[in-house]
């Protein structure tokens with residue numbers, strides 16, 4: 001009886017984790033995180049639906065830009081005197097761990113006031129069980145319009161959706177090991 005309960009529990013967890021998915025959003029889509037004025041980050045953010053578990057990818061030239069997570073007050077003042085950290089590799093990942101608002105700016109003088117800032121509204125994560133889910137998008141550079149207009153419609157091409165494949169695979173391997181080892 002106990003063996004059946006353990007195996008059933010592990011299989012249910014495997015199926016649940018197979019349904020969980022997260023998105024990776026490239027901030028600014030193909031233009032990236034830049035102070036050149038090519039991207040309206042407020043408009044970009046408003047066109048997305050961020051959930052707990054999603055990840056933001058900021059890509060930028062570290063010689064000219066950076067990205068820092070800040071409080072609402074710092075964001076509103078565009079003053080980076082107290083950021084949560086100052087990454088500078090040019091490719092920074094931020095996991096969206098809690099619901100609510102999250103704020104990012106470039107702390108290079110003048111860049112935040114020139115529009116290099118973004119407010120992200122993170123919604124609670126809800127596992128999708130709908131069989132009619134759309135196919136995952138592939139993370140690939142979106143084609144640039146000939147004019148590179150900031151008024152261009154935001155692209156969804158920079159979102160990578162993926163099921164928690166590795167988590168599911170790890171759970172499956174653990175389950176198989178547990179059953180083979182312990183029973």
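The values are calculated or read from the model by the stated rules, or taken from the named source; none is laboratory data. Computed from a prediction, not measured in an experiment: that's the story for all the values here. No Cβ is skipped: glycine too gets one built from the backbone with ideal geometry, and neighbour counts run over all protein chains shown.
Here are a few things to note about the model shown:
- Considering (1) in contact with a helix residue (DSSP H, G or I) (Cβ under 8 Å, 6 or more places away or on another chain); (2) closer than 23 Å to residue 49 by Cβ; (3) modelled with pLDDT under 50, the lone condition that residue 144 does not fulfil carries the number (2).
Conditions tested, residue by residue: (1) modelled with pLDDT under 90; (2) not in a loop (DSSP other than H, G, I, E, B).
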{"position": "75", "(1), (2)": "no, yes"}
{"position": "80", "(1), (2)": "yes, no"}
{"position": "88", "(1), (2)": "yes, no"}
{"position": "104", "(1), (2)": "no, yes"}
{"position": "111", "(1), (2)": "no, no"}
{"position": "119", "(1), (2)": "no, yes"}
{"position": "127", "(1), (2)": "yes, no"}
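- Scanning region 53-66 for residues that are within 15 Å of residue 119 (Cα to Cα) and part of a loop (DSSP other than H, G, I, E, B) yields a total of 1.
- Residue list for region 36-47, filter: part of a loop (DSSP other than H, G, I, E, B) and buried (at least 18 other Cβ atoms within 10 Å of the Cβ): 39
- Within region 56-73, the set of residues being buried (at least 16 other Cβ atoms within 10 Å of the Cβ) and in contact with a strand residue (DSSP E or B) (Cβ under 7 Å, 6 or more places away or on another chain) comprises 56, 57, 58, 59, 67, 68, 69, 70.
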